[in-house]
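Asks: Before I ask anything, let me first share the structure, which is written out below as structure tokens.
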Amino acid sequence: TRKTTIVDIKARKKTGPPITMLTAYDYPMALLVDRGGIDMILVGDSLGMVVLGYPDTISVTMDEMVHHTKAVSRVAEHALVVSDLPFGAYNVSIEKAVENANRIMKEGRADAVKLEGGRSMASVVEAVVRSGTPVQGHIGLTPQTASALGGFKVQGKSAEAARTLIDDAKALEAAGCFSIVLEAIPAPIAQMVTEALAIPTIGIGAGVHCDGQVLVIHDMVGLFDRFTPKFVKQYAKVSDIIASAISAYADEVKNRRFPEERHSFTMKTDELDKLEK
Ligand code: KIV
Ligand code: NA
């Protein structure tokens, strides 16, 4: 296995097959994702909700993103590692955006960053790319600003909103993004955006015509029960497996059926005899 590069990802727009991307936030999960041959690992700020128990992604800090990116990048031998810049890390000033992008590359050893927003973020994207950090865009439903969008709902349903999305995507491409995540937009609009760009689109709730797909791994393996959007396909129900292991363990401990002899250590009887004297 060779490390996936930005050039590899961009080339897939023409050559296919569709690009695969999943989130991971720690060593064991990143290991499974990387060994599974997934093209890109996203250390998403969904970290806040699925791992840290925050109600949303707003509270996630740079320190937290760097901490988890370190764990993921140590494992990723094949996948390109993309880390989210959290709210407050790039939307304050261009200087701060460049500084935080540098930090997540240098300390976290990410391969690229992702940030939310359309044309209003173009100058930020341009500065970060010029400073040497590849940037993935993210438009449509942008969780960091979901309240202003009217909540967690599909975006770009009117012709006017769809045109705005297409213009935003073009602005991000012109600013230097190497790919763009399209979240929760009608499939025909995602197809139009995909056809309008020379860089790949990565869809989540954006239909089958995107150049790739991304899901939050805790959602797709069934490890997070609080809320699962319509666009998630649950490929497994890992939480049921863990829950039954926990209750079996608790039951066996209480009934002295665990540990068994094979889980225990012994010592020579003559040494034990010395103790009894
Ligand atoms: O944080 C995240 O997991 C994301 C994906 C949903 C694209 O941004
Ligand atoms: Na995110």
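Asks: Would it be correct to say that Y54 is of a type in the set (F, W, Y), over 16 Å from E77 (Cβ atoms) and crowded, with 23+ Cβ neighbours inside 10 Å? Write out each step before concluding.
Replies: Values: of a type in the set (F, W, Y): yes; over 16 Å from E77 (Cβ atoms): yes; crowded, with 23+ Cβ neighbours inside 10 Å: no.
Spelling it out, it is not the case that Y54 is of a type in the set (F, W, Y), over 16 Å from E77 (Cβ atoms) and crowded, with 23+ Cβ neighbours inside 10 Å.
Asks: Can you find, within the stretch 117-139, the residue that is nearest to ligand 2 (Cβ to nearest atom) among those that are crowded, with 24+ Cβ neighbours inside 10 Å and under 13 Å from N91 (Cβ atoms)?
Replies: The residue in question is H138.
Asks: Are there any pairs, at least 6 apart or on different chains, whose C-beta atoms fall under 9 Å, with the first in the stretch 21-47 and in a helix (DSSP H, G or I) and at pLDDT 95 or above and the second of a type in the set (S, T, Y) and away from ligand 2 (no atom under 16 Å from the Cβ), and if so, which?
Replies: Here the result reads A30/S73; D34/T1; R35/T1, each pair linking the stretch 21-47 to a residue that is of a type in the set (S, T, Y) and away from ligand 2 (no atom under 16 Å from the Cβ).
Asks: Being over 25 Å from V124 (Cα atoms) and surrounded by 19 or more Cβ atoms within 10 Å (Cβ to Cβ) is true for just one of I204, I217, I180. Which residue is that?
Replies: It is I217.
Asks: So which of G212, G205 ends up being in contact (Cβ under 8 Å) with a residue 12 or more places away in the chain, within 12 Å of ligand 1 (Cβ to nearest atom) and touching a Pro at 6+ places or on another chain (Cβ under 6 Å)? Spell out the reasoning first.
Replies: Numbers: G205 fails: touching a Pro at 6+ places or on another chain (Cβ under 6 Å).
Testing whether each residue is in contact (Cβ under 8 Å) with a residue 12 or more places away in the chain, within 12 Å of ligand 1 (Cβ to nearest atom) and touching a Pro at 6+ places or on another chain (Cβ under 6 Å) leaves just G212.
Listed here are the residues, each with its yes/no results for (1) under 21 Å from L85 (Cβ atoms); (2) within 16 Å of ligand 2 (Cβ to nearest atom); (3) touching a strand residue (DSSP E or B) at 6+ places or on another chain (Cβ under 8 Å).
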| site | (1), (2), (3) |
| --- | --- |
| R2 | no, no, no |
| G16 | no, no, no |
| T23 | yes, yes, yes |
| A30 | yes, no, yes |
| I41 | yes, yes, yes |
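Asks: Here is a further query. Is there a residue being in contact (Cβ under 8 Å) with a residue 60 or more places away in the chain, on the phi > 0 side of the Ramachandran plot and of a type in the set (G, A, S) anywhere in the stretch 132-139?
Replies: Just the residues of the stretch 132-139 that are in contact (Cβ under 8 Å) with a residue 60 or more places away in the chain, to begin with: 134, 136.
Next cut, on the phi > 0 side of the Ramachandran plot only: none.
Checked the stretch 132-139: no residue is in contact (Cβ under 8 Å) with a residue 60 or more places away in the chain, on the phi > 0 side of the Ramachandran plot and of a type in the set (G, A, S).
Asks: Is it true that V50 is within 12 Å of ligand 1 (Cβ to nearest atom) and under 26 Å from P143 (Cα atoms)? Steps first, please.
Replies: Values: within 12 Å of ligand 1 (Cβ to nearest atom): yes; under 26 Å from P143 (Cα atoms): yes.
Yes, satisfied.
Asks: What number of residues within the stretch 91-115 satisfy the criterion of being in contact with a Ser or Thr (Cβ under 8 Å, 6 or more places away or on another chain) and assigned to a helix (DSSP H, G or I)?
Replies: Matching residues across the stretch 91-115 total 6.
Asks: What's the number of the only condition in (1) more than 16 Å from ligand 1 (Cβ to nearest atom); (2) touching a residue at least 40 places away in the same chain (Cβ under 8 Å); (3) out of contact with any helix residue (DSSP H, G or I) (no Cβ under 7 Å at 6 or more places or on another chain) that K114 fails to meet?
Replies: (1)
The values are calculated or read from the model by the stated rules, or taken from the named source; none is laboratory data. Everything quoted here is computed from the prediction, not taken from an experiment. Ideal geometry is used to build each Cβ from the backbone, glycine not excepted, and the neighbour counts take in all protein chains shown.
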